[in-house]
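Data block below; observations after.
The values are calculated or read from the model by the stated rules, or taken from the named source; none is laboratory data. Just so it is clear, the model here is predicted, and its values are computed rather than measured. All Cβ positions, even for glycine, are placed from backbone atoms using ideal geometry, and neighbour counts span all protein chains on display. When the accessible area is computed, the model is the full protein with side chains, heavy atoms only, and any ligands, DNA or RNA have been set aside. Shrake-Rupley method; radii C 1.70, N 1.55, O 1.52, S 1.80 Å.
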Protein chains: 2
Amino acid sequence: MCAVLCLCGTLLRMSTPQGARARARTEVTAAIKDEARRQLAAEGAAKLSLRAVARELGMVSSALYRYFPSRDELLTALIIDAYDSLGEAAEAAYAKVSGESPARQWVAVCEAVREWALARPHEYALIYGSPVPGYSAPSTTVPAAARVGLLLIGIVRDAYQDKGVAQWKLPAELRPEARRMAEDLAPDLPPEVVVVLIGAWAQLFGLVNFEVFGQFNRVVEDRGAFFRHAAGQLAHHVGLVYPRSGAKER
Amino acid sequence: MCAVLCLCGTLLRMSTPQGARARARTEVTAAIKDEARRQLAAEGAAKLSLRAVARELGMVSSALYRYFPSRDELLTALIIDAYDSLGEAAEAAYAKVSGESPARQWVAVCEAVREWALARPHEYALIYGSPVPGYSAPSTTVPAAARVGLLLIGIVRDAYQDKGVAQWKLPAELRPEARRMAEDLAPDLPPEVVVVLIGAWAQLFGLVNFEVFGQFNRVVEDRGAFFRHAAGQLAHHVGLVYPRSGAKER
DNA sequence: CACAAACAAGAGCACTGCTCTTGCTTTGGA
DNA sequence: TCCAAAGCAAGAGCAGTGCTCTTGTTTGTG
């Protein structure tokens, strides 16, 4: 029954002036998430406390359980929001450079991801660090989590001309898997490209991880320049030519 | 106390004939870390409880504070151990293939890292996931953390012949930083190679992260083959030629 | 209007990290 | 050899946590 009402609330939230009660519920829910995000940014996910959130909001801790059935559910909600926020940031960056070359688009999206992560390290840790509640994220998060990946695939798809991309013939053991992945993700791209794309996707977040989590601390100083260069190499690696920078050789 | 006393009684391992007291201390310290590692593997870092460790060891929680001044200190100790364990695994894998081609050495080390991580996901999360105690790891962990990176650098150094490696001229903005990094890490390698090496290092852990933390869940199925291929590409990217697999072009 | 659902509040449980005090045991130097 | 100092285990206790259950109150709707 709760689910039904919740669904009604979410479906009609924007247009119809629902009962004051439903409106209050979404407002309180948002307030809880905002305060939780504040504590998250201040102290990290480990020290996020339901009681502290409730205290800060002037309510009693047990009242909060009417909005989120457990601390982990609150965290899951924050995770989805974080994925969406990152996806929006990436898409906004893409929109700004949609006229430029594919390689520039790629690098712009990568840099947007990096900047989002550096601005909200704790939210980033929530989604690309170790899974907090112990188990992996529930399937609710999947669509939100896929946004950045799909955006990168889209860039390559739009730029793809079927020449000069697949530097590597796939080893035999990987060929069926590559066909499967390509079918699922981008049927219009050759499997070689999809494989390299998935790798680049993971490697991009490897770079961001190391920077956000401090692994570059006494190693790389000018991390902006380093990341720009690495993202450009990734672009090249997935088959996008990067004009007028560096000077590619061959 | 049973467990502790038994352990004290059984093995007197080290060479130094310390006083019985000092020996007991190191034994108890090891027992605590072992039990903590067990709980870590079972439940994850978030649910590692000093009281539970003490309980399992038959001692009282306050007694444990004589060995580790806080929970975070225990975690730090586990972090250092994990770095060392990973480093040892990587070096062991390297030793086994030290006669083969550099690219094979590279891939072998990468696969050792991956296998270590998949076997101990929670310990891996401790060192390459989000930093748990809130702040980043203290500088005590630095030498242990560097082992895998230094091993990879060593492979490239040993294999380096100064031709055919630097595909990319560095952009001007990165050149001073690249010189600095090369000076610190591998003065005998050209800056272009060092830059690409650091990037490959981070990207390797990006691949492992995505697999261990479940980001590949509905995306990549045959992750072993995928990782092998991606590691081979990284080897190629840092300038190591990968013989008789895939079929390199050029 | 009346009723059932939604809600706030409080008490309470079992747990956590951590501190302080109380005694006992081991150790190293006089 | 003896004795103070240091190391140690144990217990009580504090403040905090996630979560549950019960008790009343508010509110939208049949």
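Quick look at the values:
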| quantity | calculated |
| --- | --- |
| Filter result for B:Phe213 (farther than 22 Å from A:Pro176 by Cα, in the same structural domain as B:Leu152 (by TED's automatic domain parsing) and of a type in the set (Phe, Trp, Tyr)) | yes |
| Flag for B:Leu48 being within 10 Å of DNA strand C (Cβ to nearest atom), within 13 Å of chain A (Cβ to nearest Cβ) and within 20 Å of A:Ala46 (Cβ to Cβ) | yes |
| Hey, A:Glu123 at pLDDT 95 or above and more than 16 Å from DNA strand C (Cβ to nearest atom) or not | yes |
| Candidate set: the stretch B:57-70, residues that are part of a helix (DSSP H, G or I), open to solvent by less than 70 Å² (accessible area, probe 1.4 Å) and without any contact (Cβ under 8 Å) to a residue 40 or more places away in the chain; chosen: the one nearest to DNA strand C (Cβ to nearest atom) | B:Ser61 |
| Residue tally, condition surrounded by fewer than 20 Cβ atoms within 10 Å (Cβ to Cβ) and either under 15 Å from the mean Cα position of the chain (by Cα) or within 7 Å of chain A (Cβ to nearest Cβ) (or both), over the stretch B:202-217 | 1 |
| Any hit, the stretch B:93-110, residues being more than 16 Å from DNA strand D (Cβ to nearest atom), part of a loop (DSSP other than H, G, I, E, B) and within 13 Å of another protein chain (Cβ to nearest Cβ) | no |
| Count - residues of the stretch B:198-244 that are part of a loop (DSSP other than H, G, I, E, B) and under 23 Å from B:Ala145 (Cα atoms) | 2 |
| Residue match in the stretch A:134-149 (condition: touching a Lys or Arg at 6+ places or on another chain (Cβ under 7 Å) and more than 20 Å from B:Val219 (Cα to Cα)) | yes |
| Close pairs from the stretch A:219-236: first more than 7 Å from chain B (Cβ to nearest Cβ) and over 20 Å from A:Pro102 (Cα atoms), partner open to solvent by 10 Å² or more (accessible area, probe 1.4 Å) and acidic (Asp, Glu), Cβ under 6 Å, at least 6 apart | A:Arg223/A:Glu211 |
| Number of positions in the stretch B:22-45 that are within 9 Å of DNA strand C (Cβ to nearest atom) and in a loop (DSSP other than H, G, I, E, B) | 0 |
| Count of residues meeting criterion [under 16 Å from B:Leu74 (Cβ atoms) and at pLDDT 65 or above] in the stretch B:133-143 | 2 |
| Single match in A:Ala36, A:Ala54, A:Ala41, A:Ala82 (criterion: at pLDDT 90 or above, closer than 27 Å to B:Leu48 by Cα, within 14 Å of chain B (Cβ to nearest Cβ) and buried (at least 18 other Cβ atoms within 10 Å of the Cβ)) | A:Ala82 |
